[in-house]
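The values are calculated or read from the model by the stated rules, or taken from the named source; none is laboratory data. Everything numeric here is computed off the predicted structure, so don't read it as measured data. Cβ placement follows ideal geometry from the backbone for every residue including glycine, while neighbour counts extend to all protein chains displayed. Just so you know, the surface numbers come from the protein's heavy atoms only, side chains and all, with ligands and any DNA or RNA stripped out. Shrake-Rupley method; radii C 1.70, N 1.55, O 1.52, S 1.80 Å.
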2 protein chains.
Amino acid sequence: MFSFSELSKQFEEKFSQRHFPAAPATLYNAAEYILEIGGKRIRPVSVLMGNELFDEINPDAWQVATAIELFHNFSLIHDDIMDQAPLRRGLPTVHTKYGASTALLAGDVMFAQAYDYLTRINPAYIQKIIKLFNTTSKQVCEGQQLDMDFEQMKQVQFSAYESMIILKTSVLLAASLQLGAILGGAGDRNQHHIYEFGKNLGIAFQLQDDYLDAFGDPTKFGKQVGGDILANKKTFLLIHTLEVANTIQKEQIQVLLNSNDADKVSRMLQLYQDCKVDEWVKQLKEKYYQTALNHLEDIAVLSDRKKPLLELAQFLLVRDY
Amino acid sequence: MFSFSELSKQFEEKFSQRHFPAAPATLYNAAEYILEIGGKRIRPVSVLMGNELFDEINPDAWQVATAIELFHNFSLIHDDIMDQAPLRRGLPTVHTKYGASTALLAGDVMFAQAYDYLTRINPAYIQKIIKLFNTTSKQVCEGQQLDMDFEQMKQVQFSAYESMIILKTSVLLAASLQLGAILGGAGDRNQHHIYEFGKNLGIAFQLQDDYLDAFGDPTKFGKQVGGDILANKKTFLLIHTLEVANTIQKEQIQVLLNSNDADKVSRMLQLYQDCKVDEWVKQLKEKYYQTALNHLEDIAVLSDRKKPLLELAQFLLVRDY
C-alpha cells in the first residue's frame, strides 16, 4: 500500500510526458502548456487510491488516472475562458497566452484525449468506466452552468448553491475514487460508499476553502484573505449570511456588494461574525467530514487498507487555521 | 436495403427527441436548440449506409449515428464561436442566442453525450468504435486549428491546404462510413476502402462547394455567389490561383484581397478564369470522385449492395451547374 504522497510522486513521473503529437504545434503546445503548469493531482491519485483500497493497483488505473487529470485540465481551460481569468497558479491562462479560439480547441482535444486513455484499458471494464466518466463530465458542465446562472442572481437558496458545488467540485473527486474501486473489483455497495466518501470530502473541502478565504491566517493560507469578498463571489458564507441576516444586515450587505471601499473586506467579515457564520461554516464542514468518514468506515475491507484514504482526508481537511 | 433519403427520414424520426435533461434549462435548451435547427444528417446516415453495405442494420448503428450527429453539432457550436458567425442556416448561432459561455458548455456537454450513446452499444464493439471516434474527433480539432492558422498566413501551399480540408471536413464522413462498416462486420480491407471512399468523396464535395461559390448559378446554388471572395476566404480556388498566377496576376490578387470595391467579385472571377482555375477545379473534383468510386468498386460485396452509396455519391456530387 502506498501513501498519497508516494502515489502522487509515481503519478507525476508517469504523467510527465507529452500527451499530444508535435503538429499542429499551435494547437498541441497550448494543450501541453497547462499540463506543465502542474497541480496537486488529487483526482488522478484518488483513482489509484480507490483501486488500492480493494486490491493491488491494476495497470489500467494509470490510464484512467491520466484520463481524469486530462479531463480536469480540459475543464480548467474552458472555465478560465468563461471566467476570463488572466492567471492560473501565477502563470498566464491558456487563452491569455494562446488566444481564446486555440484555448477552446485545446480543451476539446484534451477531452477527446481523455477518452483515448479510457479505451486503452481491459475491454471488460470499458463500458462501466466510460459510463461513470460520462455522467460525471456532464455533471461538471452542469455545475459550471449553474455557477454562471447564480452569479447573475441576487439571492440563491442554500440548497441550490450546495447542489451546484457538489456538481462543480465534488463529483469528480467522488467519481475518481469510484473509478479506481471499479478497477479494484469493488462491489456496488462498496462503490457507493467510496463515492459518498469522496463527495462529502469534496463539500467539506469547499467549505474550508471558503472559510479560509475569509478567516484564514494569510501567512499560512498563501493567498490574499478576502479575495472572494472583493470579487463579490458567491460562497457558502455569503449565501448563508443572506439567509440568516436581519433586514438591516441584509441592506448593509447589499451596500457592501455595490462598494469598492477600502474597508469592504473588514466590514463584510464583521457582518459574517455578527451572523455567526464563521462558527456555522466550521460546524457544517465538520458534519460533512464526519459523513465522509462514516462512509469510509462502512466500506467492507480491512481497516488497514483504509489508512491512506484517511490520511488523504486529514491532509485535505484538518488544516491549521 | 434502403436509399439515402429513406434512411434519412428514419434517422430524423428517431433523432427528433430530447437528448438532454430539462435542467439546468440554461444549458440544455441551448444544446437542444442547435439540434432543432436541423441539417442534412449526411454523416449519421452514412453510419447506417456503411453498416447496410455489409449486413442488415445493426440496432447499435442508430446509437453510433446519433453520437456522430451530436459530435458534428458540438463542432459546429464551437466553430461558430471561433468564427464569430452570427447565423447558421439563417437562424442565430448558439452563442448569439445564448452567449459564448453557455455555447461553449453546450458544446462540451454535447461531446460528452456523444460518448454516452457510444457506450450503449454491444460491449464487444465499444473499444474499436470509440478508438476510431476519438482519432477522428482529434483530427477535426486539428483541421479547425490549421484552418485558423492558415487564415493568418499570406500564402498556403496547396498540399497543406488539402491536408487541412481532409481533417476538417472529410475524415468525419469517412469515419462515419467505417463505423457503420465495423458494426456490419466488415474486415479490415473493406473498412479501409469504405473509409477512403468517404474521404475522397468529402474532398470532391468541398472542391465542388468552392467551385459553386464562385461559378455556380445563383438561382440553383441557393446562396450569394462570390461569398468566399468577399470574405477573403482561403479556398481551393484562391490557393491554387496564387500558386499558378504570374507576377502581375499575383499583385492584382493582393490588391483585390485588400479592397472592398463593388467589382471585387467579378475581377477575382476573371483572374480565376485567366488562370484556368475553373477548369482545374472541375478536373480535380472529378479525379477525387473517381478515386472514391474506385474504392467503392474494390469493396468485396455484391454490387447490388453498393447502389445506395453510389446514389449518395451522385446526389452529393453530380449537381447541376
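Looking at the range B:285-293, can you tell me whether even one residue there is among the acidic types (Asp, Glu) and either over 30 Å from B:Phe54 (Cβ atoms) or open to solvent by 90 Å² or more (accessible area, probe 1.4 Å) (or both)?
No, the range B:285-293 contains no residue that is among the acidic types (Asp, Glu) and either over 30 Å from B:Phe54 (Cβ atoms) or open to solvent by 90 Å² or more (accessible area, probe 1.4 Å) (or both).
For the subset of the range A:240-256 comprising residues that are in contact with a helix residue (DSSP H, G or I) (Cβ under 7 Å, 6 or more places away or on another chain) and not hydrophobic (A, V, I, L, M, F, W, C), which member is least open to solvent (accessible area, probe 1.4 Å)?
A:Thr241
Against the definition (assigned to a helix (DSSP H, G or I), touching a helix residue (DSSP H, G or I) at 6+ places or on another chain (Cβ under 9 Å), modelled with pLDDT of 95 or more and under 23 Å from B:Thr136 (Cβ atoms)), how does A:Gln145 come out, yes or no?
no
For the list (1) free of Cβ contacts under 8 Å to residues at least 40 places away in the same chain; (2) over 22 Å from B:Asp274 (Cβ atoms), I need the number of the one condition that B:Arg189 fails.
Single failed check for B:Arg189: (1).
Look through B:Glu13, B:Glu36, B:Glu6 and report the one residue that is acidic (Asp, Glu), closer than 26 Å to B:Thr102 by Cβ and open to solvent by 10 Å² or more (accessible area, probe 1.4 Å).
Testing whether each residue is acidic (Asp, Glu), closer than 26 Å to B:Thr102 by Cβ and open to solvent by 10 Å² or more (accessible area, probe 1.4 Å) leaves just B:Glu36.
If I go through the range B:152-173 residue by residue, how many of them are touching an Asp or Glu at 6+ places or on another chain (Cβ under 7 Å) and away from every other protein chain (no Cβ under 13 Å)?
1
Can you tell me how many residues within the range A:144-157 are surrounded by fewer than 22 Cβ atoms within 10 Å (Cβ to Cβ) and within 16 Å of the chain's Cα centre (by Cα)?
1
Given A:Asp188, A:Asp149, which one is farther than 16 Å from B:Val109 by Cα and facing chain B (nearest Cβ under 9 Å)?
A:Asp149
Does the range B:61-79 include one or more residues that are among the aromatic types (Phe, Trp, Tyr), surrounded by fewer than 23 Cβ atoms within 10 Å (Cβ to Cβ) and away from every other protein chain (no Cβ under 12 Å)?
Yes - at least one qualifying residue is present in the range B:61-79.
Conditions tested, residue by residue: (1) touching a residue at least 40 places away in the same chain (Cβ under 8 Å); (2) open to solvent by 90 Å² or more (accessible area, probe 1.4 Å); (3) of a type in the set (Gly, Ala, Ser).
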position: A:Pro218; (1), (2), (3): no, no, no
position: A:Leu238; (1), (2), (3): no, no, no
position: A:Asn258; (1), (2), (3): no, yes, no
position: A:Leu269; (1), (2), (3): yes, no, no
position: A:Asp274; (1), (2), (3): no, no, no
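On the given criteria, is A:Ser176 open to solvent by less than 50 Å² (accessible area, probe 1.4 Å), of a type in the set (Ser, Thr, Tyr), in a helix (DSSP H, G or I) and modelled with pLDDT of 95 or more?
yes
Residues to consider are B:Glu6, B:Glu12; find the one that is assigned to a helix (DSSP H, G or I) and without any contact (Cβ under 8 Å) to a residue 12 or more places away in the chain.
When all the criteria are applied, what remains is B:Glu6.
Can you name the residue in the range A:88-106 that is facing chain B (nearest Cβ under 8 Å) and in contact (Cβ under 8 Å) with a residue 40 or more places away in the chain and, of all such residues, is surrounded by the most Cβ atoms within 10 Å (Cβ to Cβ)?
A:Leu105
Is it true that A:Ala85 is more than 9 Å from every other protein chain (Cβ to nearest Cβ), touching a helix residue (DSSP H, G or I) at 6+ places or on another chain (Cβ under 8 Å) and in a helix (DSSP H, G or I)?
So A:Ala85 does not fit the description; no.
Tally the residues that are under 30 Å from A:Phe2 (Cα atoms) and modelled with pLDDT of 95 or more, restricting the search to the range A:52-94.
The qualifying residues number 25.
Within the range A:118-140, track down each residue that is free of Cβ contacts under 8 Å to residues at least 12 places away in the same chain and either at the interface with chain B (Cβ under 7 Å from one of its Cβ atoms) or not in a helix (DSSP H, G or I) (or both).
The answer is A:Thr119, A:Pro123, A:Ile126, A:Gln127, A:Lys131, A:Asn134, A:Lys138.
Name the residues in the range B:39-50 that are within 15 Å of the chain's Cα centre (by Cα) and open to solvent by less than 30 Å² (accessible area, probe 1.4 Å), would you?
Correct list: B:Arg41, B:Ile42, B:Pro44, B:Val45, B:Ser46, B:Val47.
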